[in-house]
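Have a look at the structure below before the remarks.
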Ligand code: UD2
Ligand code: MN
């Protein structure tokens, strides 16, 4: 039981909607799959459990065929197995499972989970209160070495970066304040991880289920998150519900067509339908993506119109103001030095390393920075940061607190002045030609920078 004490004593209504649990899998191991199924059966009140549906996405392992079928016949709750005729990916497999299910709520789980004591009631109770709320449990970590269960945090929520990777970020203060410090109240989350959530069956259909044009893996979680928020629903992490998940280092399956291609295609579909002009952040930081064919999204665009969904800028402003994508910004593109004609370049470096400077290549990627309305210079979730007089200029996680990440661009003098140190960004020194320096502002050409706006993409 991984709940905090206050959750253990919470009382939920007797009358809750029942749920079907849909678990899709491809080449899952026996032990993890059965651990998932047993935990659902053992840790859920049976009157709330309509059925368990296992959707086999054309696995190649023998024991997942007849052996599994015979095994589940003896379980206390009806377990139905559906087989996809061909490998379809988790999105279409979940759609098939959902279509075959009967419960008032549909609960999706990955095939390597463990539901813990009391996991189900808080999810269903929240949906009963508001049928347009889509709810996720806290996803705890099951070690992929020892399979030990380790409690996760109720202080993180879902976000995403410019590359459209899902990421966990700390729950911001505004959300703590909204809950008045009560950790048993659900956290409104901008995005969900994707694998574990409950949704009212009718609402799932009203809001457009999934984008069936997405293949194999990836992107469907952001697509659904944006869609829910933009089209009038809400997405929450119900902190009194804990489900563990094995985060694995490698997948037991292939990506037909190539991992990159599949994920880029899915991401393009969601960017084109939901992100409006903000899709440029994705396209500019990963320019190769624009070559990927994403098929026809007209059906999804019509859905967006029919549901009268709000623009992505509304989502950024109201649901995700601490997003890595700034809602308002002055520039998005290269930052070029007037004297040397070279560009700032993060050289694919990671957090805590110096920002570089290099010949401009005009290809986006590592040479893309945005000067935002909050006056930070950022590339994805990293910001230019100076903490000492005379530098160095390093890339640090953006903290939205101004401080050492606050820059003043003078559009006439073309200078980038670091406010805290009152020094200006300058060309490299003789010692290290690869990194810009910080110098007292002098107005010299080496301290002049052009901030470009560029748009790649469709
Ligand atoms: C996360 C989600 C996952 C999904 C994915 C993005 C969690 C804990 N997991 O990745 O649910 O949203 O992000 O797409 O939030 N599977 C198939 N057919 C396939 C590939 C996968 O049935 O072609 C099954 C797989 O057996 C598993 C589920 O889909 O049960 C999710 O796949 P995963 O566990 O490899 O994804 P994960 O946890 O890395
Ligand atoms: Mn998983």
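Throughout, read-outs are computed from the coordinates displayed, never taken from laboratory work. This structure is a prediction, so every number in the text was calculated from the model and none was measured. Here Cβ is always computed from backbone atoms with ideal geometry, including for glycine, and neighbour counts include all displayed protein chains.
Overview of results
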item	result
Principal-axis tilt of helix 120-129 within the chain, Cα atoms, nearest 10 degrees	80 degrees
The chain: relative contact order as a whole-number percent, Cα under 8 Å and 6+ apart	13 percent
Order of 51, 148, 220 - criterion: other Cβ atoms within 10 Å of each residue's Cβ, fewest first	148, 51, 220
Region 73-157, relative contact order [Cα under 8 Å, separation at least 6], %	13 percent
123, 307, 164 arranged by Cβ crowding within 10 Å, fewest neighbours leading	307, 164, 123
Value of Rg to Rh for region 84-158 (Rh from inverse mean 1/r over Cα pairs, i.e. Kirkwood)	1.00
Cα-based helix-to-principal-axis angle, 30-42 vs the chain, degrees rounded to 10	70 degrees
In nm, spacing of pseudo-spin labels at residue 254 and residue 399 (7 Å Cα→C-beta vector)	4.8 nm
Within region 300-458, percent of DSSP bridges classed antiparallel, to nearest 5	95 percent
20 Å binning of all Cα-Cα separations within the chain, expressed as whole percents from 0 upward	23, 50, 23, 3, 0
Part-to-part distance (alpha-carbon centres) for region 294-342 and region 217-267, which is given in Å	19 Å
222 nm mean residue ellipticity, helices alone, for the chain (DSSP H n ≥ 4; -39,500 (n - 2.57); rounded to 500)	-6500 deg cm²/dmol
Fraction of antiparallel bridges per DSSP, the chain only, in percent to nearest 5	65 percent
For 268, 248, order by how many other beta-carbon atoms lie within 10 Å, fewest first	248, 268
Helix 220-230 axis, angle to the chain major axis (alpha carbon atoms, nearest 10°)	80 degrees
Region 127-261 - share of DSSP beta bridges that are antiparallel (%, nearest 5)	50 percent
Region 340-441 - Rg over Rh from alpha carbon coordinates, Kirkwood radius	0.92
